[in-house]
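Engineer: Input: one structure, supplied below.
The values are calculated or read from the model by the stated rules, or taken from the named source; none is laboratory data. The structure displayed is predicted, hence computed values, not measured ones. When we count neighbours, we look across all protein chains shown, and the Cβ atoms used for this are built from the backbone with ideal geometry, even at glycine.
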Amino acid sequence: MKKILTVYTGGTIGTAPVEGRRTLSAGAAKRALSVNFAESDSEFAYLGEDLFEDSDIDAAYRTLSENMTIPKLSRIIGHIKSFDLNNFAGVIVLHGTDALAYTAAFLSFVLADAPVPVMLVSGNHPPMDPRTNANANFRYAAELILKGIAPGIYVPYRNVDGDLRLHMASSLMQCANFSEDFFSAVPERKASLRDGFAKALTMGEKYFSLSSRGRAGVPDGTSLVYDEVLMIQPYVGLRYDRLSLDGVTAVVHGTYHSGTVCVERGEAGKPYSVRSILSLLNRCKAAGIPVYIAPSHLGEGQYTSAFDAASAGAVPLSMTVESAYAKAVLGVSAGYHGDALTSFMQREINCEFV
């Protein structure tokens, strides 16, 4: 039986309580997770703690996920890719919840051709806390790997309602403020343990094994050019004239929940309001900087504001904003600019379109 490679990057699941504070402690977390699995009623519990092989990542790259940076993420990606994954049954990456959707998006692209399943596992409390979902998430990940789920990038996570779901990493959305729940941008691209393992295994086969996954033109992730991509999230009162475009190669712009952005035209004597994305699009067009809005689409029933932005040059992308940002960083890192970058953004790599 091949072992499961475990990569401890930190996060709540990699912490232990010390004097009332959650403190990074990979050793304690690893022991708690592996011991709890070995002592569970899982059909694979007999394999014991030796089922998991610690990848021994440098402690410098373990972090609470709110402190995750792309240089750290690049090192983590390089660490994973330094292993011949064919020698393992699968990979479990222990990660915090705050930046989980971003890391999931990056791994979806840079590990799109991984020969084994890769599971990003997190927890809402440390694994030795009785309130935690970390052990359930970890167990589900290990069981799916051992049951032979198709190679792909997944996120297993139990929500507060007790529903343990398997998400495709490329469509995972950020956990909302004041919540401990994760959701997929496409409901049918997740499976619930309540329906047994069959649905999860079928989902993996449908979306990963049968998809045209490919990494052509995607860099390995170890030398990412991230400070040339400007990401903007909309809010009421945003002034585009206060945003600098110095050194920017691409802009990724989020949307309101209906896939819309502000296209106000109302200031007298000016072509567009400084609070309108149209003013930003004018500046970017003059500088040759593509602007991608996500998630957005121009289908039937969409609002005119989305069409106005697209008519002015914005490129709508039907994917999560986390995936759009990760993909833009990877595209720029591969040397794509302008129309070439847009072609890259519009080409499917790993089921990212929703």
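Engineer: Only residues in the range 175-189 that are part of a helix (DSSP H, G or I) count as the first member; pair them with residues that are crowded, with 18+ Cβ neighbours inside 10 Å and at pLDDT 90 or above, Cβ under 6 angstrom, at least 6 apart or cross-chain, and list the lot.
Structural biologist: These pairs meet every condition: Arg189/Met168; Arg189/Ser171.
Engineer: Does Ala191 fit the bill of being exposed (fewer than 14 other Cβ atoms within 10 Å of the Cβ) and at pLDDT below 95?
Structural biologist: So Ala191 fails the test.
Engineer: Only residues that are of a type in the set (Asp, Glu) and touching a residue at least 40 places away in the same chain (Cβ under 8 Å): list them for the range 48-94, please.
Structural biologist: Asp50, Glu53, Asp54
Engineer: Failed condition for Glu49, given (1) more than 14 Å from Phe138 (Cα to Cα); (2) modelled with pLDDT under 95, with all others met?
Structural biologist: The single condition Glu49 does not satisfy is (1).
Engineer: Still on this structure, I have one more. If you check every pair at least six apart or on different chains, which have Cβ atoms under 7 Å apart with a residue in the range 3-29 that is touching a residue at least 60 places away in the same chain (Cβ under 8 Å) and farther than 26 Å from Asp84 by Cβ first and a residue that is of a type in the set (Ser, Thr, Tyr) and surrounded by fewer than 19 Cβ atoms within 10 Å (Cβ to Cβ) second?
Structural biologist: Going by the 7 Å Cβ cut-off, the qualifying pairs are Thr15/Thr23; Ala16/Thr23.
The rows are residues; the columns are (1) over 14 Å from the mean Cα position of the chain (by Cα); (2) at pLDDT 95 or above; (3) over 21 Å from Thr260 (Cβ atoms).
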{"position": "Ala286", "(1), (2), (3)": "yes, yes, yes"}
{"position": "Ser296", "(1), (2), (3)": "yes, no, no"}
{"position": "Ala306", "(1), (2), (3)": "yes, no, no"}
{"position": "Ser311", "(1), (2), (3)": "yes, no, no"}
{"position": "Val321", "(1), (2), (3)": "no, yes, no"}
{"position": "Gly338", "(1), (2), (3)": "yes, yes, yes"}
{"position": "Arg347", "(1), (2), (3)": "yes, no, yes"}
{"position": "Asn350", "(1), (2), (3)": "no, no, yes"}
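Engineer: Taking Tyr102 as the residue in question, decide whether it is among the hydroxyl-bearing types (Ser, Thr, Tyr), part of a helix (DSSP H, G or I), more than 17 Å from the chain's Cα centre (by Cα) and in the same structural domain as Ser179 (by TED's automatic domain parsing).
Structural biologist: No, not satisfied.
Engineer: Still on this model: Can you find a residue in the range 173-190 that is among the hydroxyl-bearing types (Ser, Thr, Tyr), under 17 Å from the mean Cα position of the chain (by Cα) and closer than 22 Å to Ile77 by Cα?
Structural biologist: no
Engineer: Could you check the range 157-186 and list, in sequence order, the residues that are more than 15 Å from Met203 (Cβ to Cβ) and of a type in the set (Val, Ile, Thr)?
Structural biologist: Val160
Engineer: Within the range 279-321, work out how many residues are within 14 Å of Val251 (Cα to Cα), without any contact (Cβ under 8 Å) to a residue 60 or more places away in the chain and crowded, with 18+ Cβ neighbours inside 10 Å.
Structural biologist: 14
Engineer: Just for the range 8-32: of the residues that are of a type in the set (A, V, I, L, M) and farther than 22 Å from Ala101 by Cα, which one is farthest from the chain's Cα centre (by Cα)?
Structural biologist: Filtering the range 8-32 for residues that are of a type in the set (A, V, I, L, M) and farther than 22 Å from Ala101 by Cα, the one farthest from the chain's Cα centre (by Cα) comes out as Val18.
Engineer: Select from the range 57-80 the residues that are in contact with a His (Cβ under 9 Å, 6 or more places away or on another chain) and surrounded by fewer than 17 Cβ atoms within 10 Å (Cβ to Cβ) and list them in ascending order.
Structural biologist: Asp58
Engineer: Please enumerate the residues belonging to the range 110-149 that are closer than 24 Å to Cys351 by Cα, modelled with pLDDT under 95 and buried (at least 19 other Cβ atoms within 10 Å of the Cβ).
Structural biologist: Residues satisfying the conditions are Val110, Leu111, Ala112, Ala114.
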